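The values are calculated or read from the model by the stated rules, or taken from the named source; none is laboratory data. Because the structure is a prediction, the values reported are computed rather than measured. As a convention, Cβ positions derive from the backbone with ideal geometry for all residues, glycine included, and neighbour counts pool all protein chains shown.
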Amino acid sequence: MTDLPCPVRGVTVRVLMGIGACGPYAHVVTDFEPPGAGGGFELFSAVPERRLPAELLPALRAGLLEGLDGVAAAVLVTDGTFHEVDSSEFGYRIAGVQAGRAALVGAGLLPPEEGDALRWATWPGRGDPARAGKRGGRAS
């Protein structure tokens with residue numbers, strides 16, 4: 001298993017599907033660090049339950065594992081929100097995949113072009129895809 005080689009902080013994902021209609025919503029801000037001495041994947045949340053219910057974390061975890069594709073990292077969720085109607089496990093799984101992939105691009109483990117497919121993610125060095133004229137994404 002490869003380890004994340006360097007920290008990638010401030011990875012933000014805001015999943016907004018369905019313009020003008022209900023759809024999956026998810027919002028997380030994450031910091032990625034190289035794994036601890038034991039290696040492997042770790043997920044921690046510093047977000048109060050009222051802002052991001054713990055019941056959504058398993059879906060986020062599954063998405064992060066998929067997005068990191070075998071790269072070991074410690075992940076801290078530093079912020080996040082949910083919507084009582086539109087948030088779902090599906091949305092948080094998507095958010096996890098996007099955050100994990102963004103961390104790999106930010107750490108140089110994937111080429112920058114891979115980031116073009118990350119519709120809802122921003123990270124240091126990328127900026128807001130909506131403001132950059134990229135497909136998808138929405139400035140908030």
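Could you give every pair whose Cβ atoms fall below 9 Å, whose first residue belongs to the range 27-46 and is closer than 24 Å to D86 by Cα, and whose second residue is of a type in the set (A, V, I, L, M, F, W, C) and assigned to a loop (DSSP other than H, G, I, E, B), counting only separations of at least 6 or pairs across chains?
H27/L52; H27/F82; V28/V47; V28/L52; V29/V47; S45/L52
Based on this model, can you work out whether G23 counts as touching a residue at least 60 places away in the same chain (Cβ under 8 Å) and either farther than 23 Å from H83 by Cβ or not basic (K, R) (or both)?
Criteria met by G23.
Among (1) modelled with pLDDT of 95 or more; (2) farther than 18 Å from L110 by Cβ; (3) loosely packed, with under 14 Cβ neighbours inside 10 Å, there is one condition D69 misses while meeting the rest; what is its number?
(2)
Report yes if L76 is free of Cβ contacts under 8 Å to residues at least 24 places away in the same chain, surrounded by fewer than 23 Cβ atoms within 10 Å (Cβ to Cβ) and of a type in the set (A, V, I, L, M), otherwise no.
No: the conditions fail for L76.
Okay, residues lined up against (1) farther than 20 Å from G115 by Cα; (2) among the aromatic types (F, W, Y); (3) in contact with a Gly (Cβ under 9 Å, 6 or more places away or on another chain):
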{"residue": "T30", "(1), (2), (3)": "no, no, yes"}
{"residue": "F41", "(1), (2), (3)": "yes, yes, no"}
{"residue": "R50", "(1), (2), (3)": "yes, no, no"}
{"residue": "F82", "(1), (2), (3)": "yes, yes, yes"}
